[in-house]
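> One structure, pasted below without further comment.
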Amino acid sequence: MQTYSKTFLSAALGLGIATGALAQTAAERLDLPAPADRDGETVSVNGTDIFYSSSGEGDAIVLLHGYPLSGALFERVRDKLDDTHRVITIDHRGYGNSTTPEPVDGIGPYAEDALAVLKELGVEKAVIGGMSMGGPIVFEMYRQNPDVFSGAILIDTNHNPANAIEKGIWNGTLETLKGENGGVDKIIPFLMPNMLTGETRLVEAPAQVDYLTEAMKQASLDGAIGGAVALRDRPDSTETVKSMDIPVLVLVGREDTLYPVAISQAMADAAPQGEIAVIEGAAHAAVFEAPEESAAAIMNWMSKM
């Protein structure tokens, strides 16, 4: 098992950053484009407009975000990867800068969209990674077209179907979204504590909370409803993981409480060529919270492919 440690700032320094930069936006504090202002293009796919961003040259790495985020999730790790690779991020329908005519009824449409974007871009082979909800999308893409994969990265995700407890959470999410006073903004306070560690949220880098909040607020109501349904009803992908006879990196934050390390270890054990990298001091959004450590794990793994 590979373990990557994250160096924490002192509480005094963290608080100093938080109070000294109130006039700046979260994007400015993190030296990132605002989620809505990312460079990219839009392509018409399957009745909707899908936004993607592509940077760098070389073998392609495709990254698929989780719920209810956007490709902005990968902005901090992109700069660490696109010096040597072409990095492509895709906003799923209804999220970020992509549209959707209606809520999806399962994982399938997201996978079809991503495959259509790769075809549009002329990408015949790629390492394809998915964070959280992006994982089930990766599994469905593999079931539909395994030949497009040169490798897979499973990031803070779960190959199992939702159990009764998780189904209840997604049903509650749907009730909140659809309620009289509902909306995407109502589910963010519930989701954010899972995304980042308490140290990051409260002391080290509150700007990360603000940035991910901004990304979540871009999600449309139809997008958020469809994603909750897709996650609630996602299929069991255990046999898919076992069939993925390609290099597979399972990357997980040590402090991920939503899909803990044990789930990632099970995926790494099930994949014929599976390997796990645990990112210390990071939670569910490990690739955003600890981009240097996440990129190091990815590049180390890819160097052995």
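The values are calculated or read from the model by the stated rules, or taken from the named source; none is laboratory data. As the structure is a prediction and not an experimental result, all values here were calculated from the model. Heads up: the accessible areas ignore ligands, DNA and RNA and are worked out on the full protein's heavy atoms, side chains in. Shrake-Rupley method; radii C 1.70, N 1.55, O 1.52, S 1.80 Å.
> Accessible area of the chain with a 1.4 Å probe: how many percent of it is carbon plus sulfur?
That fraction is 49 percent.
> So what's Rg/Rh here for segment 40-178, counting alpha carbon atoms and using the Kirkwood radius for Rh?
Answer for segment 40-178: 0.96.
> Enter the mean projected area of the convex hull around the alpha-carbon atoms of segment 94-174, in nm², rounded to one decimal.
6.1 nm²
> Let me ask something additional. What is the diffusion coefficient of segment 158-216 in µm²/s, taking the Kirkwood radius over Cα pairs and the Stokes-Einstein relation at 4 °C with a viscosity of 1.567 mPa s?
Answer from the Stokes-Einstein relation: 100 µm²/s.
> In Å and from the alpha-carbon atoms only, list the Rg and Dmax of segment 206-265.
Looking at segment 206-265, its Cα Rg and Dmax stand at 15.5, 41 Å.
> Take every DSSP beta bridge whose two residues both sit in the chain, then give the antiparallel share in percent to the nearest 5.
25 percent
> Working only with C-alpha atoms, what are the Rg and Dmax values of segment 172-283, expressed in angstrom?
16.6, 48
> On alpha-carbon atoms, Rg over Rh for segment 185-227 using Kirkwood Rh?
1.02
> May I have the pair-distance distribution P(r) for the chain, computed from all Cα-Cα distances with 20 Å bins from 0 and rounded to whole percent?
Each 20 Å bin holds this share of Cα pairs: 36, 60, 4.
> Moving to a separate point now. Per residue, how much accessible surface does segment 189-254 expose to a 1.4 Å probe? Answer in Å², no decimals.
With the other protein chains kept in place, segment 189-254 gives 34 Å² per residue.
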